[in-house]
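Everything on this sheet refers to the single structure shown next.
The values are calculated or read from the model by the stated rules, or taken from the named source; none is laboratory data. Here the structure is a predicted model, which means the values were calculated and not measured. Cβ atoms come from the backbone with ideal geometry, glycine included; neighbour counts cover every protein chain shown.
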Amino acid sequence: MEGRRNILYIVVVLLQLSIEYARSVENDSLNYNYFDEMAQTYCASKSPGWVFAIRRNCDNAPTCHDICASATSSILGSIDRIDSVSCCDAVQIKKNHPVPKANSEEDQPDSGKVNLFSYGYGPRGCTWRPNDCGPNYCCCKAF
């Protein structure tokens with residue numbers, strides 16, 4: 001009887017750990033997509049037509065101009081009747097920001113408090129120095 005309880009206890013603990021792990025992976029995944037969506041929204045608001053927000057690393061990063069050029073075949077493969085791709089803007093989405101309280105149905109919690117912020121570079125972000133932190137997303141336009 002004691003052995004069965006120990007096995008049951010171990011199974012329950014492993015199940016709880018796997019559920020917590022799944023939740024953390026899910027939250028990280030949603031969080032990462034959230035930044036991508038913010039960048040895509042910024043890029044789309046800056047230029048009419050087909051626009052793509054592409055991630056850019058801080059270290060060992062080429063210019064956004066080069067990133068857009070490297071993605072040309074993928075971009076053109078996803079849309080029809082377009083011939084060229086170029087960088088049109090760049091943005092830095094700050095990932096370390098205060099997390100506001102959940103939005104309720106009535107009052108706005110944390111009303112008036114700063115949480116999300118970003119920096120738009122404009123066209124000069126396309127030629128931001130290689131291997132230098134700055135924009136973490138490039139706005140590539142197909143035309």
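Things to note:
- When each of VAL99, VAL114, VAL91, VAL85 is tested for being at negative phi and in contact with a Leu (Cβ under 7 Å, 6 or more places away or on another chain), the lone residue that passes is VAL85.
- Close contacts from the stretch 91-102, counting a first residue that is within 29 Å of PHE52 (Cβ to Cβ) and a second that is assigned to a loop (DSSP other than H, G, I, E, B) and at pLDDT 90 or above, with Cβ to Cβ under 6 Å and a gap of 6+ residues or different chains, come to VAL91/PRO135; GLN92/PRO135; GLN92/ASN136.
- The criterion of at least 1 residues that are polar (S, T, N, Q) is met by the following strands (runs of 3 or more DSSP E) wholly inside the stretch 30-143: 85-93, 118-120.
- Unique residue being at pLDDT 90 or above, out of contact with any Phe, Trp or Tyr (no Cβ under 8 Å at 6 or more places or on another chain) and surrounded by 13 or more Cβ atoms within 10 Å (Cβ to Cβ) when the list is GLY125, GLY120: GLY125
- Taken together, the criteria place ILE75 among residues that are of a type outside the set (Ser, Thr, Tyr) and at pLDDT 95 or above.
- Single residue of PRO48, PRO130, PRO135, PRO62 found to be over 20 Å from the mean Cα position of the chain (by Cα) and touching a residue at least 40 places away in the same chain (Cβ under 8 Å): PRO130
- Residue within the stretch 130-138 that is under 22 Å from ALA44 (Cβ atoms), buried (at least 16 other Cβ atoms within 10 Å of the Cβ) and aromatic (Phe, Trp, Tyr) present: yes
- Given (1) within 19 Å of the chain's Cα centre (by Cα); (2) farther than 21 Å from ALA39 by Cβ, number of the condition TYR119 does not satisfy: (2)
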